[in-house]
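Accompanying notes for the structure given below.
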Amino acid sequence: MSAQLRDTAGELAEILWREHTVYRERSGGVVIRGEHVRRWISLAPAGGRDEVLVRAGRILDGGTTAPARSEAVVPLSAGTGVLAATCRRLLAEAAADAALVVPGRAAPGRSRRSGKTARPKGRGKHTSFGSWVILACVAGVIALYVYSTAMHGQ
């Protein structure tokens, strides 16, 4: 099964991406990495005799892989075309999931904080130190004006 899986993965990699790396996992599965598109596909033997578990995910900064975003079971006898179509669908789902995850916001499926929107760190409704200094200077100028008017006006 692993030799057939390796051959199928090689054919599949040629169909999906011009630039790719194919390697075997310790568990007996095969991984196809497309560094230029920052995606990966894993083919592993499934429960059935002729079935393969196809998983797809993203490649993160630094080359580490994110957990699989989607998966499907496909019969190997269906052919490389059906397998490629399944992989494209899973890769599209992984890309759509990645687009939904916005930096600074909760990932899909995670709970949010009581409806509050996320704000960038260091920015907010609180008055910064520089604003306090400006307010103190303006108050000092007004106090000086009132004092000098009160002393010289009488």
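Tabulated results
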{"read-out": "Residue list for segment 80-108, filter: assigned to a loop (DSSP other than H, G, I, E, B) and either modelled with pLDDT of 75 or more or open to solvent by 90 Å² or more (accessible area, probe 1.4 Å) (or both)", "value": "103, 105"}
{"read-out": "Only one of 55, 33 that is within 23 Å of residue 18 (Cα to Cα), in contact with an Asp or Glu (Cβ under 7 Å, 6 or more places away or on another chain) and either in a strand (DSSP E or B) or not basic (Lys, Arg) (or both)", "value": "55"}
{"read-out": "Lone unmet requirement of (1) surrounded by fewer than 16 Cβ atoms within 10 Å (Cβ to Cβ); (2) over 20 Å from the mean Cα position of the chain (by Cα) for residue 45", "value": "(1)"}
{"read-out": "Some residue of segment 112-135 being surrounded by 10 or more Cβ atoms within 10 Å (Cβ to Cβ), modelled with pLDDT under 80 and touching a helix residue (DSSP H, G or I) at 6+ places or on another chain (Cβ under 7 Å)", "value": "no"}
{"read-out": "Number of positions in segment 56-79 that are surrounded by 14 or more Cβ atoms within 10 Å (Cβ to Cβ) and over 16 Å from the mean Cα position of the chain (by Cα)", "value": "6"}
{"read-out": "Residue list for segment 16-52, filter: under 21 Å from residue 96 (Cβ atoms) and of a type outside the set (S, T, N, Q)", "value": "16, 17, 32, 33, 34, 35, 36, 37, 38, 39, 40, 41"}
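The values are calculated or read from the model by the stated rules, or taken from the named source; none is laboratory data. Just so you know, these numbers come straight off a predicted model, no measurement behind them. Neighbour counts run over all protein chains shown; Cβ positions are idealised from the backbone, glycine included. In case anyone asks, the SASA skips ligands and DNA or RNA and just uses the protein heavy atoms, side chains included. Shrake-Rupley method; radii C 1.70, N 1.55, O 1.52, S 1.80 Å.
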